[in-house]
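The values are calculated or read from the model by the stated rules, or taken from the named source; none is laboratory data. Keep in mind it's a predicted model, so treat the numbers as computed, not measured. Ideal geometry is used to build each Cβ from the backbone, glycine not excepted, and the neighbour counts take in all protein chains shown. Side chains included, ligands, DNA and RNA excluded: accessible areas come from the protein's heavy atoms. Shrake-Rupley method; radii C 1.70, N 1.55, O 1.52, S 1.80 Å.
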Amino acid sequence: MSYYEFGICPYNPDHRIMLFRMPGHIVKCKKNYRGPPLQICKYNATHRVLDMEEHLKECTYYRNYIDTQAVRIALTVRKAPTEKEDDDDNTEL
């Protein structure tokens, strides 16, 4: 039983590679590739695809990036809480 996750080589779908070895495999396999040029995903360089727009709809690394950016923006735009005035100070007798 293997505890490693496997992925499919973008240059040869017959290649099933352990994900931690994928970067090295891609370099070697790209040399023998004779198909249409593949675009490199800017969120995970081991993702090589023909149509980047379609890929980004499903790319978990892109989703994680967007979620992280949304949190950063929310934290920088967030207003500091204001203190409520005490009702005891403004009570009329």
Neighbourhood net charge (14 Å Cβ-Cβ; Lys/Arg +1, Asp/Glu -1) for residue 4 = +1
Rounded to whole Hz and in sequence order, give me ³J(HN,Hα) for the range 46-53 from the Karplus expression 6.51 cos²θ - 1.76 cosθ + 1.60, θ = phi - 60°, writing x for Gly and Pro.
-> 7, 8, 10, 9, 7, 10, 5, 4
Measuring with a 1.4 Å probe in the full set of protein chains, what accessible area per residue, in whole Å², belongs to the range 1-70?
-> 79 Å²
In whole Hz, with x marking every Gly and Pro, tabulate ³J(HN,Hα) for the range 25-36 from phi via Karplus 6.51 cos²θ - 1.76 cosθ + 1.60, θ = phi - 60°.
-> 5, 4, 4, 6, 6, 4, 4, 9, 6, 10, x, x
In Å, what is the Rg of the alpha-carbon atoms in the range 2-69, and how long is Dmax?
-> 12.7, 38
